[in-house]
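The values are calculated or read from the model by the stated rules, or taken from the named source; none is laboratory data. If you're wondering where the values come from, they're calculated on a predicted model, not measured in any experiment. The accessibility values were calculated without ligands, DNA or RNA, using every heavy atom of the protein model including side chains. Shrake-Rupley method; radii C 1.70, N 1.55, O 1.52, S 1.80 Å.
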Amino acid sequence: MTTLPLEPLDVRAIPPVVRHATIFGILERLEPGEAFSIVNDHDPAPLRRQIEARYPGAYSWSYIVPGPEIWQVEIGRNEAGDDGHDADCGGHDEGHSCTCGH
């Protein structure tokens, strides 16, 4: 996978109220096969659960540094079977209203 941006995103510098929204914004712009990494001061496992709930199977998750003081995680958009409609929101098909913001 290609890592974009080259420098990890240090989410400790992002206000907590917009942290996950910022990360989701980056995720949604990744092309299949692309990845980026985040650095945090705690295990971002809740973020992983949110990603998997919103986009089942669409993204990979790899711990680069697994704590205990710093966590760095690479999050990548999977290539296999990725058609850009991975959100589990009720559908992007005609006649279904999307609730995920896509």
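Numbers for the structure displayed
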| item | result |
| --- | --- |
| Qualifying residue in segment 23-44 (condition: open to solvent by 70 Å² or more (accessible area, probe 1.4 Å) and at pLDDT 95 or above) | yes |
| Members of segment 49-63 found to be small (G, A, S) and open to solvent by 50 Å² or more (accessible area, probe 1.4 Å), listed by number | A53, S62 |
